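First the structure, in the form of C-alpha cells, and then the observations on it.
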Amino acid sequence: MEIKTYHITHEDERWMLKEDGFADALVEASDQDDILEKTRDYLKLRKARVLVHDAQGQVERELVYPRDQHPQETGG
C-alpha cells in the first residue's frame, strides 16, 4: 500500500487536513488539538505521512500513520 502525504495547515481561522497536491480540505476543525484527533480518526485505516504546520505555515512536526510504521519507533 502506498504511503500518501497530507498536510495540516491553518487558514482563515480554521485548521485543515489536505492531501498533498490537492486544494480541498478533507477534515476541518477550530483548533489544532481537534484537527489532530480528527486526522487520527480519518487516517486510522490508511498508511500516511502528515506534516503538521504551525499557524505561520512552518512545518512543526511529522506524524506517521499507523504509528507502528514510523521508522524511529520501529528501528527502521
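Which residues, counting only those in region 16-36, are part of a strand (DSSP E or B) and without any contact (Cβ under 8 Å) to a residue 12 or more places away in the chain?
From region 16-36, those part of a strand (DSSP E or B) are 16-19, 27-29; that's our starting set.
Those that are part of a strand (DSSP E or B) and without any contact (Cβ under 8 Å) to a residue 12 or more places away in the chain: none in region 16-36.
Looking at (1) modelled with pLDDT of 95 or more; (2) in a helix (DSSP H, G or I), which one does Val52 not meet, given that it meets all the others?
Only one criterion in (1) modelled with pLDDT of 95 or more; (2) in a helix (DSSP H, G or I) is unmet by Val52, namely (2).
Against the condition surrounded by fewer than 13 Cβ atoms within 10 Å (Cβ to Cβ) and not hydrophobic (A, V, I, L, M, F, W, C), how does Lys44 come out, does it pass? Walk me through how you get there before you give the answer.
Numbers: surrounded by fewer than 13 Cβ atoms within 10 Å (Cβ to Cβ): yes; not hydrophobic (A, V, I, L, M, F, W, C): yes.
Taking the combined requirement at face value, the residue satisfies it.
The values are calculated or read from the model by the stated rules, or taken from the named source; none is laboratory data. Worth saying up front: this structure is predicted, and the values here are computed from it rather than measured. Cβ sites come from the backbone with ideal geometry, for glycine too, and all protein chains shown count toward neighbours.
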